[in-house]
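Here is the structure we will look at.
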Amino acid sequence: MAALEEEFTLSSVVLSAGPEGLLGVEQSDKTDQFLVTDSGRTVILYKVSDQKPLGSWSVKQGQIITCPAVCNFQTGEYVVVHDNKLSAEVYRILSVQGTEPLVLFKEGAVRGLEALLADPQQKIETVISDEEVIKWTKFFVVFRHPVLIFITEKHGNYFAYVQMFNSRILTKYTLLLGQDENSVIKSFTASVDRKFISLMSLSSDGCIYETLIPIRPADPEKNQSLVKSLLLKAVVSGNARNGVALTALDQDHVAVLGSPLAASKECLSVWNIKFQTLQTSKELPQGTSGQLWYYGEHLFMLHGKSLTVIPYKCEVSSLAGALGKLKHSQDPGTHVVSHFVNWETPQGCGLGFQNSEQSRRILRRRKIEVSLQPEVPPSKQLLSTIMKDSEKHIEVEVRKFLALKQTPDFHTVIGDTVTGLLERCKAEPSFYPRNCLMQLIQTHVLSYSLCPDLMEIALKKKDVQLLQLCLQQFPDIPESVTCACLKIFLSIGDDSLQETDVNMESVFDYSINSVHDEKMEEQTEILQNGFNPEEDKCNNCDQELNKKPQDETKESTSCPVVQKRAALLNAILHSAYSETFLLPHLKDIPAQHITLFLKYLYFLYLKCSENATMTLPGIHPPTLNQIMDWICLLLDANFTVVVMMPEAKRLLINLYKLVKSQISVYSELNKIEVSFRELQKLNQEKNNRGLYSIEVLELF
């Protein structure tokens, strides 16, 4: 159920808002900080939790900011354009986490920020037609690739442009308005899933419409037409005097700013588009500018002349929550609108008026019987459902149960539910509710010892996504099961992996630019922590390496596995184990798979060596200790087999030189340590120093 909490003014500073309001509110690189750009010369950085500004910037007198300031999440810098100081007029700078900011020009062209800053006066092409005006834009990251959508208008006709930056494809769509050709679209918003962009529009008739735009069109070169469908009816008055706004909060909820009736005050309302119910609303007596921004759990708007923040909370969408049946404390002024149908009403059911008294007695008796029946707890309902219902219905019931407030028996119910699902999986081979199992695993209350059959079934199904999740969540997986997962991760085909959705958080971008590749090819070894391998006395190894062709040199500088397999292998590296129990099971893995895993580990080590911190980029990457430990484990278990494989010879030589370089480094560090100990003794002896002194220490 959705709830709007008590509003507060972000700052006592009255912002310079023009007739159309602020230029924009954008997320900073800190989740609690936001950039506010007024319609004049100033950008202010606010911290919401403290309700005060952290700093502000202004352009020179006579200059004017022409688009909202944004944060470059890659550098932490703030970017703003004033007076269109580029070779073409800028419509908006767009920035989201995980990718480079983009610059959208008013003529429809798009440039990366870095390329534009390198050559600010470069020629910008025209993409849209004459008299076509950009009305709205949104920037997404889908499957780790940037996707830009912008909407244009020309003579009452609307067009959508979608650009995929991984393939440089720009697709144009014509948005058909349907029966009401005279309607005007007042506001746009959008959300995205795996296949579609859900474009929602608030029209001048007060209704919300939805248009589904495919992310990967069948014919990108062809101008296609898309028909909108009615999503919500009459959410605001069609004759609203002030502006209206629409923004998507999540997949199931939207926020609407506007007057519900022609003569009423403006309101902020939250609608559940899945069940088409009004969840909550709040009056805004001082009026607004018709602008609405949403980030995280905060809604921003101009209420009167001050920027106001309204915290917003929402739980998983369910029918009970949409109808206001969940037990929640509601703020004053919050109300839910729901429509019910009484299916027991005798009208239209052939009972007739002469039987009305009899029907009332029947209804009273039914109500008494129902009231005497004890209410079945949700946990028992769930356990009853999993034994007989379909996978889809079970998934819905599991979501409903997880959305409820946790009870003291929550852990027990989760364990019993998983056990019941697994027993049914064994009894019915075609039954495999993987979505339900993944939801239950993510409750963080399960372990391997509570449900050992879970990973056994996943191994039989070769469900690598579920196995990866278990490795990340379960702390007590036996070494034999860990090795069984490793076998599947190494043996599954690349084609099968491409169709599988795995967690990619631990994987960074493995692409290596050509300049770096050339440097890696010129040197036959890597400088390891300041040690120069050219001083290595292993002449035979050097001769063997120099005889190898350049193709093999490239193998060590490019990842030997696809990124999805790398993510699965990283889950193995993070898993807990005992060396004594793990080694016997590692001997059962085929030699070619061991060699592939060693190549990947060696690649990770080279990546660690590229920076001084000896760490890998990413959210949760493997550590250097984990990489080295697994290299040792694999060699200890399989050295006699791997050493006989011709294709592993070069890899073993590289690993040998790696170890030798580390020994040399540690030897030099030990020598330095002795010198530092002597210096420490000298410092302890000279305690009586003046305020200023110069000392010369000679090391021999």
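The values are calculated or read from the model by the stated rules, or taken from the named source; none is laboratory data. Remember, predicted model here, so these are calculated numbers, not experimental data. Please note: Cβ atoms are built from the backbone with ideal geometry, for glycine as well, and neighbour counts cover all protein chains shown. Only protein heavy atoms, including side chains, enter the accessible area calculation; ligands, DNA and RNA are left aside. Shrake-Rupley method; radii C 1.70, N 1.55, O 1.52, S 1.80 Å.
Is it true that Ser11 is at pLDDT 90 or above and either among the polar types (S, T, N, Q) or surrounded by fewer than 16 Cβ atoms within 10 Å (Cβ to Cβ) (or both)? So Ser11 does not fit the description; no.
Evaluate region 30-43: report whether one residue or more is over 19 Å from Leu299 (Cβ atoms), in a strand (DSSP E or B) and out of contact with any Lys or Arg (no Cβ under 6 Å at 6 or more places or on another chain). Yes: region 30-43 contains one or more residues that are over 19 Å from Leu299 (Cβ atoms), in a strand (DSSP E or B) and out of contact with any Lys or Arg (no Cβ under 6 Å at 6 or more places or on another chain). Looking at region 404-430 only, could you name the residues that are part of a loop (DSSP other than H, G, I, E, B), free of Cβ contacts under 8 Å to residues at least 24 places away in the same chain and among the polar types (S, T, N, Q)? Matches in region 404-430: Gln406, Ser430. It is to be established whether one or more residues within region 569-588 are closer than 22 Å to Gln662 by Cα and at pLDDT 80 or above. Yes: region 569-588 contains one or more residues that are closer than 22 Å to Gln662 by Cα and at pLDDT 80 or above.
Please report, ordered by residue number, the helices (runs of 4 or more DSSP H) entirely within region 461-508 with at least 1 residues that are open to solvent by 20 Å² or more (accessible area, probe 1.4 Å) and hydrophobic (A, V, I, L, M, F, W, C).
The qualifying helices (runs of 4 or more DSSP H) are 479-491.
Taking region 602-627 as the range and being assigned to a helix (DSSP H, G or I) and open to solvent by 50 Å² or more (accessible area, probe 1.4 Å) as the test, only Asn625 passes.
Of Arg194, Arg241, all but one fail to be at pLDDT below 85, farther than 18 Å from Cys314 by Cβ and within 23 Å of the chain's Cα centre (by Cα); the exception is Arg194.
The set of residues in region 571-583 being in contact (Cβ under 8 Å) with a residue 40 or more places away in the chain and either in contact with a Cys (Cβ under 7 Å, 6 or more places away or on another chain) or not in a loop (DSSP other than H, G, I, E, B) (or both) consists of Ala571, Ile572, Leu573, His574, Glu579, Phe581, Leu582, Leu583.
Condition check ((1) modelled with pLDDT under 80; (2) under 21 Å from Ala190 (Cβ atoms); (3) aromatic (Phe, Trp, Tyr); (4) within 34 Å of the chain's Cα centre (by Cα)) across all residues:
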site: Cys267; (1), (2), (3), (4): no, no, no, yes
site: Val270; (1), (2), (3), (4): no, yes, no, yes
site: Thr277; (1), (2), (3), (4): no, no, no, yes
site: Gln291; (1), (2), (3), (4): no, yes, no, yes
site: Tyr312; (1), (2), (3), (4): no, yes, yes, yes
site: Phe353; (1), (2), (3), (4): yes, no, yes, no
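Looking across region 137-171, the residues that are open to solvent by 60 Å² or more (accessible area, probe 1.4 Å), over 23 Å from Val256 (Cβ atoms) and among the charged types (D, E, K, R) come down to Arg144, Arg168. When Gln592 is tested against (1) more than 26 Å from Gln97 (Cβ to Cβ); (2) in contact (Cβ under 8 Å) with a residue 60 or more places away in the chain, just one condition goes unmet, and that condition is (2). Taking region 38-59 as the search range and keeping residues that are out of contact with any strand residue (DSSP E or B) (no Cβ under 6 Å at 6 or more places or on another chain) and among the small types (Gly, Ala, Ser), which one is nearest to Ser28 (Cα to Cα)? My answer is Ser49.
The set of residues from region 398-421 being within 14 Å of Leu450 (Cβ to Cβ), hydrophobic (A, V, I, L, M, F, W, C) and surrounded by fewer than 19 Cβ atoms within 10 Å (Cβ to Cβ) comprises just one member, Phe410. For first residues located in region 35-60 and without any contact (Cβ under 8 Å) to a residue 40 or more places away in the chain and open to solvent by 20 Å² or more (accessible area, probe 1.4 Å), partners that are of a type in the set (Lys, Arg) and part of a strand (DSSP E or B) and lie 6+ apart or on another chain with Cβ distances below 6 Å form the pairs Leu54/Lys47.
The criterion of being β-branched (Val, Ile, Thr), outside any strand (DSSP E or B), farther than 21 Å from Ala248 by Cβ and touching a Phe, Trp or Tyr at 6+ places or on another chain (Cβ under 7 Å) holds for Ile124.
Just wondering, is there one or more residues in region 432-442 that are of a type in the set (A, V, I, L, M), open to solvent by less than 40 Å² (accessible area, probe 1.4 Å) and either in contact (Cβ under 8 Å) with a residue 60 or more places away in the chain or part of a loop (DSSP other than H, G, I, E, B) (or both)?
no
State all residues of region 615-640 that are without any contact (Cβ under 8 Å) to a residue 12 or more places away in the chain and under 29 Å from the mean Cα position of the chain (by Cα); if no residue qualifies, say none. Across region 615-640, the qualifying residues are Thr615, Thr623, Asn625.
Looking only at residues in region 653-700 that are basic (Lys, Arg), open to solvent by 80 Å² or more (accessible area, probe 1.4 Å) and in a helix (DSSP H, G or I), the one that is modelled with the lowest pLDDT is Lys681.
The condition of being under 30 Å from Glu479 (Cα atoms), at pLDDT below 85 and of a type outside the set (A, V, I, L, M, F, W, C) does not hold for Thr623.
Taking residues in region 269-280 that are charged (D, E, K, R), and partners anywhere that are open to solvent by 10 Å² or more (accessible area, probe 1.4 Å), the pairs with Cβ atoms closer than 7 Å and at least 6 places apart or on different chains are Lys274/Asp252; Lys274/Ser317.
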